[in-house]
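Inspection log for the structure reproduced underneath, given as structure tokens.
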Amino acid sequence: DVKVTQSSRYLVKRTGEKVFLECVQDMDHENMFWYRQDPGLGLRLIYFSYDVKMKEKGDIPEGYSVSREKKERFSLILESASTNQTSMYLCASSLGLAGSREQFFGPGTRLTVL
Amino acid sequence: AQSVTQLGSHVSVSEGALVLLRCNYSSSVPPYLFWYVQYPNQGLQLLLKYTTGATLVKGINGFEAEFKKSETSFHLTKPSAHMSDAAEYFCAVSDLVGYSTLTFGKGTMLLVSP
């Protein structure tokens, strides 16, 4: 089974801190994704990566950056956390274009910024 | 840009009743279609998917969905609801061109009463 793990289930940070959220997948998937989930808004794509060192902006990239130095790891960075970034963050991975596009999700990180 | 509409942010049923969760999408070509389920404080889990072939798709936990191209719909059904079905359900669509991103609906919370 595909396994996607996220470094923390719950995280509390202070305004202005730099925050790193880590995601690791163990199935050699080409694509990796970061979403944030807020009540009533569903899942919104922040960034995705289709290869090592490659990244593309999603629908809401402002205030975030990403890093993919190794195929299995995709990091989301909040350079200076703000209270409006309090949310559930979900990481996902999928095969490349030859696949069915099914995404496999991690358990999520609930981030609170005080 | 694609869009996915899930009718009803909350749906309430009694245990044993039919479950019907509606999903309509906008796409210029027949896409890949997915239903995911999310239990509290967990990531998303794939229920079922339509890629090609038979338009009636069966998934896990007794759920099924039918792809209707003429109606641009992919409604999720289950003949008899169980208390354990209470969760949030997301419909998603993927284009067959470009990157393997998914566009998600805003979700429908299914409430099951005894």
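No lab work stands behind these numbers, since they all come straight from the coordinates. Treat the numbers as computed from the prediction; the structure is a model and nothing was measured. Cβ placement follows ideal geometry from the backbone for every residue including glycine, while neighbour counts extend to all protein chains displayed.
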By Cβ neighbour count within 10 Å, fewest first, B:Tyr25, B:Tyr36 rank B:Tyr25, B:Tyr36
Rounded to a whole number, the mean other protein chain Cβ count within 10 angstrom for residues of A:33-40 is 3
Sequence order, the range A:39-51: Karplus ³J(HN,Hα) from phi using 6.51 cos²θ - 1.76 cosθ + 1.60, θ = phi - 60°, Hz rounded, Gly and Pro as x, gives x, x, 10, x, 9, 10, 7, 8, 8, 9, 9, 10, 5
D (µm²/s, integer) via Stokes-Einstein for the protein assembly as shown, Kirkwood Rh across alpha-carbon pairs, 4 °C, 1.567 mPa s: value 72
In a Gaussian network model of chain B with springs linking alpha carbons closer than 10 Å, the residue among B:Val13, B:Val29, B:Val93 that fluctuates most is B:Val29
Note: B:32-42 gets an average of partner chain Cβ contacts (10 Å, Cβ to Cβ) equal to 3
Along the dipole axis of the protein assembly as shown (charges at Cβ: +1 for Lys and Arg, -1 for Asp and Glu; origin at the Cα centre), the most positive-end residue among B:His82, A:Met54, A:Thr83 is A:Thr83
The set of residues whose placed amide H lies less than 5 Å from the amide H of B:Ala17, leaving out same-chain residues fewer than 5 positions away, is B:Ala81
Contact order relative to length for chain B, counting C-alpha pairs under 8 Å separated by 6 or more residues, stands in percent at 37
re the range A:1-104: pairs of Cα atoms spaced beyond 16 Å account for a percent value of 56
Averaged over residues of B:100-110, the number of beta carbons from other chains lying within 10 Å of each residue's Cβ is 6
Of B:52-62, A:101-111, A:18-28, A:41-51, ordering from highest average Cβ density within 10 Å down gives A:101-111, A:41-51, A:18-28, B:52-62
Any residue on another chain or 5+ positions along whose placed amide H is under 5 Å from the amide H of B:Ser12 is listed here as B:Leu111
From the cross-link list B:Lys49/B:Lys78; A:Lys53/B:Lys49; A:Lys3/A:Lys57; A:Lys18/A:Lys57; B:Lys58/B:Lys78, the entries with a Cα-Cα span beyond 18 Å are A:Lys53/B:Lys49; A:Lys3/A:Lys57; A:Lys18/A:Lys57
Listed with the fewest Cβ neighbours within 10 Å leading, A:Ser7, B:Ser3, A:Ser87 appear as B:Ser3, A:Ser7, A:Ser87
Computed about the Cα centre, the charge dipole of chain B from +1 Lys/Arg and -1 Asp/Glu charges at the Cβ has a magnitude in debye, to the nearest 20, of 140
Sequence order, the range A:20-34: Karplus ³J(HN,Hα) from phi using 6.51 cos²θ - 1.76 cosθ + 1.60, θ = phi - 60°, Hz rounded, Gly and Pro as x, gives 10, 10, 10, 9, 10, 10, 10, 10, 6, 6, 6, 9, 9, 9, 10
In order over the range A:55-72: 3J(HN,Hα) from phi, Karplus 6.51/-1.76/1.60, θ = phi - 60°, whole Hz, x for each Gly or Pro, gives 8, 9, 6, x, 7, 9, x, 4, x, 10, 9, 9, 9, 9, 8, 10, 4, 7
Rounded to one decimal in nm, the spacing of the 7 Å Cα→Cβ label points at A:Glu69 and B:Leu56 is 5.3
Computed for the protein assembly as shown: size of charge dipole around the Cα centre, +1 on C-beta of each Lys and Arg, -1 on C-beta of each Asp and Glu, debye to nearest 20, value 260
From fewest to most C-beta neighbours within 10 Å, the residues A:Tyr10, A:Tyr35 line up as A:Tyr10, A:Tyr35
The answer for A:Ser8, listing residues at least 5 apart or on another chain whose modeled amide H is closer than 5 Å to its amide H, is A:Glu22
For B:Tyr89, the net charge from surrounding residues (Cβ-Cβ under 15 Å; K, R +1; D, E -1) works out to +1
